[in-house]
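Report on the following structure.
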Amino acid sequence: MITISVSQKDFDSGAEIRKIADLGGGAVASFTGQVRGDADLVALELEHYPAMTEQALRTIADDAAEKWALHGITIIHRVGRLQVNDQIVLVCTGSDHRQAAISACSFIMDKLKTVAPFWKKEIWKDGSETWVEERQSDLDAAAEWKGRA
Amino acid sequence: MAGELDIVYFAWVKERLGRPEDRIAVPDGVSTVGGLIDYLCQQDASYDQVFADRSRLRFALDQQLVHADAKLDNSRELAIFPPVTGG
């Protein structure tokens, strides 16, 4: 079961994890990303490409489901203006065994960061705004999955 | 030829161009994403400024990520944006 959601609304990560747990299997892994409280950061604005986003996330989830035996995958990503400590993203995977659940969760996040059409803008206390730049470490992490698992 | 093509922009590409989208008639002889970018830059200096550093641009044709050498073929929508930074 694959669940994809892109929304301005906040989500209840506990309830979402429970839904994956209820599918059975002995292992549930999850990752929650939130707005990091960098000094002088007021908010993040998350933009996306509505016509493409959900399909891009679904393709990542389908890839994970091919690589590992999973009972369920949930990917939730928020868009719009988010404050420090607000939740941005949840990835949750359920499997019979922990290696599959943890690896799939990590794979989905690595792919999401490099191919899903989201862009973050940082809003600072002095009113200035900066678009977040891509990080080589994210590209390296996504590339490492090639040929693995 | 591809005929009419919608181009959509995101993040700083959209901000610097000052608009979210364009509709253009693809001229004869332009067959790839990169070729189209070259053509647009020749047409209008505003494109040239924003698209100056091609290494900072990413592309999607009909909502699929592609490289600059991708054929336009009969695509309906080209998206031009910076490297993605979600998660």
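Annotations for the structure displayed:
- Check on A:I73, within 14 Å of chain B (Cβ to nearest Cβ), open to solvent by less than 50 Å² (accessible area, probe 1.4 Å) and touching a strand residue (DSSP E or B) at 6+ places or on another chain (Cβ under 6 Å): no
- Enumeration of residues in the range B:10-22 that are under 11 Å from the mean Cα position of the chain (by Cα) and either in a strand (DSSP E or B) or farther than 20 Å from B:R76 by Cβ (or both): B:E21, B:D22
- Hits in the range A:23-59 - residues which are acidic (D, E) and under 20 Å from A:I108 (Cβ atoms): A:E54
- Residue satisfying all of: in the range A:120-136; among the basic types (K, R) and not in a strand (DSSP E or B); farthest from the chain's Cα centre (by Cα) among these: A:K125
- Only residues that are under 13 Å from A:I76 (Cα atoms), within 10 Å of chain B (Cβ to nearest Cβ) and of a type outside the set (F, W, Y) were counted in the range A:17-53, giving 2.
- Filtering the range B:60-84 to residues that are open to solvent by 10 Å² or more (accessible area, probe 1.4 Å) and either of a type in the set (V, I, T) or more than 11 Å from every other protein chain (Cβ to nearest Cβ) (or both) leaves B:V66, B:H67, B:A68, B:D69, B:A70, B:K71, B:D73, B:N74, B:S75, B:V84.
- Lone unmet requirement of (1) surrounded by fewer than 20 Cβ atoms within 10 Å (Cβ to Cβ); (2) closer than 19 Å to A:W131 by Cα; (3) within 14 Å of the chain's Cα centre (by Cα) for A:A39: (3)
- Those residues of the range B:38-59 which are without any contact (Cβ under 8 Å) to a residue 40 or more places away in the chain, of a type in the set (A, V, I, L, M, F, W, C) and either open to solvent by 20 Å² or more (accessible area, probe 1.4 Å) or not in a strand (DSSP E or B) (or both), in sequence order: B:L40, B:C41, B:A45, B:V50, B:F51, B:A52
- Just one of (1) within 15 Å of the chain's Cα centre (by Cα); (2) more than 10 Å from chain B (Cβ to nearest Cβ) fails for A:A100. It is (1).
The values are calculated or read from the model by the stated rules, or taken from the named source; none is laboratory data. These figures come from a predicted structure and were not determined experimentally. Counting neighbours? That spans all protein chains shown, and the Cβs are built from the backbone with ideal geometry, glycine included. For the accessible areas, the whole protein counts, side chains as well, though only heavy atoms, and no ligand, DNA or RNA atoms are used. Shrake-Rupley method; radii C 1.70, N 1.55, O 1.52, S 1.80 Å.
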